[in-house]
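These notes concern the structure reproduced below.
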Amino acid sequence: MANILVASYYSRWDLKNHKGRIAMYDSGNQLIENHSFSDPAEFQAVASMLRNEKPLWYDTEASHLRTGSEPVGEGESRVHEGA
């Protein structure tokens with residue numbers, strides 16, 4: 001099992017054929033995974049992880065994308081009006 005830190009990615013959604021593709025790269029700009037999607041929700045979930053989570057690791061054996069360890073409840077702080 002190889003867990004590789006995802007350093008960058010490329011994504012695209014084909015508006016005509018309704019298919020997506022996401023390619024993930026390591027810190028040396030070597031391709032880790034090039035995955036196609038036919039389900040828009042799955043494409044959005046993976047794209048959201050790539051945009052919002054850090055660090056991200058890709059398990060080449062299980063084909064899993066995972067976050068690093070994070071404290072429970074960690075998230076973006078929001079300013080609430082009237083608080």
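Laboratory data are not the source of any read-out in this text; all were calculated from the coordinates shown. A quick note: this is a predicted structure, and the numbers were derived from the prediction, not measured. Glycine also receives a Cβ, built like all others from the backbone with ideal geometry; neighbour counts cover every protein chain displayed.
Converting phi to 3J(HN,Hα) with the Karplus coefficients 6.51, -1.76 and 1.60 and the offset θ = phi - 60°, region 7-14 yields 9, 7, 8, 10, 9, 8, 10, 7 Hz in sequence order, with x at every glycine or proline. Summing charges over neighbours of residue 12, with a neighbour being any other residue whose Cβ is under 14 Å away from its Cβ, gives +2 when K and R count +1 and D and E count -1. For 31, 5, 56, 15, the sequence from fewest to most other C-beta atoms within 10 Å is 15, 31, 5, 56. Dividing the mean sequence gap of close Cα pairs (under 8 Å, 6+ apart) by how many residues the chain holds gives a relative contact order of 27 percent. Annotation: amide H of residue 6 within the under-5 Å range of 56, 57, 58, sequence separation 5 or more or interchain, hydrogens built in the peptide plane.
When Lys and Arg each count +1 and Asp and Glu each count -1, what net charge do the other residues less than 13 Å away from residue 24, Cβ to Cβ, add up to?
Numbers: positive: 21, 51, 66; negative: 26, 33, 53, 59.
Counting the neighbours of residue 24, the net charge comes to -1.
Assuming 1.002 mPa s and 20 °C, estimate D for the chain with Stokes-Einstein, Rh taken as the Kirkwood radius over Cα pairs, in µm²/s. D, rounded to a whole number, is 150 µm²/s. Helix 40-52 against the longest principal axis of the chain: what's the angle in degrees, Cα atoms only, rounded to the nearest 10? Helix 40-52 sits roughly 60 degrees off the main axis of the chain. Could you compute the net charge surrounding residue 46? Neighbours are other residues with a C-beta less than 12 Å from the C-beta of residue 46; K and R count +1, D and E count -1. My count for the surroundings of residue 46 gives -1.
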